[in-house]
Every structure is written in structure tokens, then in C-alpha cells.
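Only one structure is covered here, and it is reproduced in the block below.
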Amino acid sequence: MTPPLIEPARIGLVVNPVAGLGGRVGLKGSDGADVQRQARALGARAAAPARAELTIRQLRALAGDVDILTAAGPMGADSAGPTARVVHRPAGEPTGEPTTAADTRAAVRAVVAAGARLLLFCGGDGTARDVLAALGPEPAVPVLGIPAGVKMHSAVFAVHPRAAAEVAAAWARGTGVRLTAAEVVDRDEAALRAGRVGARLYGRLTVPVLPARVQQRKTGSSGPAPAALDGIAAELAERIGPGGLFVLGPGTTTHGVAAALGAPDTALTGVDVLRLRRDGTARVELRDARADQLLALPTTPWIALSPIGGQGFLLGRGNQQLSPELLRAAGPERLLVLATEAKLAALAGRPLLLDTGDPALDDALSGHVRVITGRRATAVYRVTC
């Protein structure tokens, strides 16, 4: 007797082609036509289509025959390849007009109406809000974000484009995946550019989850103890040495370390360049730097970073100015990871995470790093992608 045919899994794909456009150029987001024009004027290029393509290519390698339902052009078909079924055409497609949030919402509705049983979307927190608005308070299908934005604090994203493929493949096979309600949060980009940090909960989406392959929601910080930051700052200054040039990533920990070094005017949500004086204090040489400015520095800098609280991301969330080119030039020996013992303990054993935009570099940097936790104090911690 001939066994019944099993239809391939129907998976939807919607790409926000401008997601992440402002990251490398330090704009802290890509929402709005004016910001997108500014980003392009600074030489920015969107990374979302390539990241979606990486996910779909890996998904097909893992799951075999899958039926991809998508939107035309850069909203999905360009990333999904010729075998994908185009079920939606954006309003501006014939003239090449930039896509909008309304286009994203329309594409999501069309893909789900065409029969997608799982929706992959590629973007950031703003795109997640559009998906939520399109599906409503009781989504009919589970969704999973392919990370491509500047802000990705919501718990609906895979930790890496390849991780999105792993989760989607497991869902297609019906093995090992559980569904959970995950929060969609977003921050006010205008406030971020002014140095103010605050987030709002917009709702929840149903997300398929594999252990360690879907990110946690970003958690706030009550502020590290000054004594801990003083110790980290002293250890950092000794490692770098007088006259040393270093790049300082965003966050409350690094901002507090800069203040302990006598430079309280660093950008809380940006990437700065500092130089150590002979007395062990530091001065800011470049505030809120872009990727091209960092590559143009006269000497190869040290890079000092602290992971995002709750999520554990070290690279690829809010610090996209640290390009793969800069990271390769500096090398792992000049990458300094800063975190209090309390911050590491809050990760509950979850690894530090990498998503630089260069999968080969992510693999090369994976392993273990020494985290500076205080004066003459370090912890060995796992880092992966």
C-alpha cells in the first residue's frame, strides 16, 4: 500500500528591508523615513535581506522540502529564492518605493491568509510591533523573529539567523519545540538618541522555542555598585596602559566604568572612543562614533564591552558600530569583557552571545573569555553564537 503523501511545512517569510539600517552609523534605530534617508546618506546598507537569506538557506539544509510563502522583492522573495511562492506584492513594488510599516502589516496578513503555519519575520523591535498589530491580540500562527534590527529587546527573536533556522526546522519536523507567549517591547528611538532609556510592553506573540536558541527579553538594571565599577575601571586601565586608545560599548556598566575613569560624559546608548591619561583617568576623544569612524582610528584600539542584562548579548545588539572589520583588526586579545559578578550570576549559566553579522567571525570568537569582574578579579565564561 502506498503511504500517504506528507505535505511540506508551509512557512511564511516577511522581511523588513530597511531593518538595521541605522546600526553601523550609530543612529540607534531605523524607524522613520527621515532616519532611513540620514542613514543612507552616511553610507549605510541594509543587512536584513542577507540575514533572512542565511536563515532560509540553513532551514532548507536542515528540513529539506519546505514551502516558503512570502512577499515580492526585498520583502521576502529576494531572500527566499526562486522556489518560494509569492503571495503578496507591496504597494510600491512597481516603482521601487521604500517599504513602510503598513507594507509589513499587509504582507504579514497576506502570508498568513495564504496558509502559512509558522511566520518568520526579519527585522527588529519595530518590525515585531508591526507583526503584532497585523495578527492582533490572539495570533492565529506562531511567529519567530530573524534578528536584523538595531533594537531587539523583545523575547520573540532567535539569538542568531542560523538559530532561527534551527528552531524553524525543529518546528517543521515536530520535534523538541514548545510554544510560549513572548513579550514584544520597544523603545522610543528619539529618546534613545537623546540618551534617555525606557521601554514599553506592546503585547505578546506565540513563539516556538528551543533551549538557548531564542533570546530572553532584555532586563533593566538597578545600577551596579560603585565599588564594583571602581575595581573594574582600575583593572581596565592597567590592562590598556597609559596612552592607550579604547572603544567603549553602550550600557550602564560601561557608562559607570567611564565615570570611574573620570569621563562621565560618554554616550549611554552609543559607542565612544577614549584615551587613557598617564594618571589613569580617561578622556573622550570621539563620542557616539560610527563604524567608518572607528575603522579610521590612527591605531588599532582595545574594545571594552559589557553584555546586555538578562539577554547576555556581547556583540550584535545595540553596538553594530563595532563592525566585523574592526573586530578582526583588534583580534580577541584586545577584546575586554566587563561585568559585575551579580550581572553574570543573573544569566543563570546561559552563555554570552555573539551576532556580529559575520557568521565566520561569530564562530571564530566563540569559546571562552575572561570577564573582568573587579580589581585583580576575572571569571572564565562561555561565549557562543
If you go through segment 217-224 one residue at a time, do you hit one that is open to solvent by 10 Å² or more (accessible area, probe 1.4 Å), among the polar types (S, T, N, Q) and touching a Lys or Arg at 6+ places or on another chain (Cβ under 9 Å)?
-> yes
Taking the residues in segment 275-331 that are among the basic types (Lys, Arg) and farther than 16 Å from residue 246 by Cβ as candidates, determine which candidate is surrounded by the fewest Cβ atoms within 10 Å (Cβ to Cβ).
-> 328
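Table: residues versus (1) over 23 Å from residue 31 (Cβ atoms); (2) of a type outside the set (Asp, Glu).
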| position | (1), (2) |
| --- | --- |
| 52 | no, yes |
| 69 | yes, yes |
| 85 | yes, yes |
| 97 | no, no |
| 100 | no, yes |
Subset of segment 250-274 (residues that are over 20 Å from residue 150 (Cβ atoms), touching a residue at least 24 places away in the same chain (Cβ under 8 Å) and surrounded by 18 or more Cβ atoms within 10 Å (Cβ to Cβ)) | 256, 257, 258, 260, 261, 274
Kindly indicate whether residue 162 is open to solvent by 20 Å² or more (accessible area, probe 1.4 Å) and either within 17 Å of residue 49 (Cβ to Cβ) or among the β-branched types (Val, Ile, Thr) (or both).
-> yes
Of the conditions (1) free of Cβ contacts under 8 Å to residues at least 40 places away in the same chain; (2) over 26 Å from residue 238 (Cα atoms), the single one that residue 332 does not satisfy is (2)
Residue 60: more than 20 Å from residue 145 (Cβ to Cβ), part of a helix (DSSP H, G or I) and without any contact (Cβ under 8 Å) to a residue 24 or more places away in the chain, yes or no?
-> no
Test result for residue 354, in contact with a Ser or Thr (Cβ under 9 Å, 6 or more places away or on another chain), buried (at least 16 other Cβ atoms within 10 Å of the Cβ) and within 22 Å of residue 154 (Cβ to Cβ) = yes
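Residue by residue, here is whether (1) over 29 Å from residue 322 (Cβ atoms); (2) of a type outside the set (S, T, N, Q); (3) open to solvent by 20 Å² or more (accessible area, probe 1.4 Å) holds:
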residue: 71; (1), (2), (3): yes, yes, no
residue: 74; (1), (2), (3): no, yes, yes
residue: 80; (1), (2), (3): yes, yes, no
residue: 86; (1), (2), (3): yes, yes, yes
residue: 99; (1), (2), (3): no, no, yes
residue: 112; (1), (2), (3): yes, yes, yes
residue: 139; (1), (2), (3): yes, yes, yes
residue: 158; (1), (2), (3): no, yes, no
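The values are calculated or read from the model by the stated rules, or taken from the named source; none is laboratory data. These numbers were taken from a predicted model, which means no experiment stands behind them. Because the Cβ atoms are built from the backbone with ideal geometry, glycine has one as well, and the counts that use them run over all protein chains shown. Please note that ligands, DNA and RNA were not included when accessible areas were found on the heavy atoms of the full protein model with its side chains. Shrake-Rupley method; radii C 1.70, N 1.55, O 1.52, S 1.80 Å.
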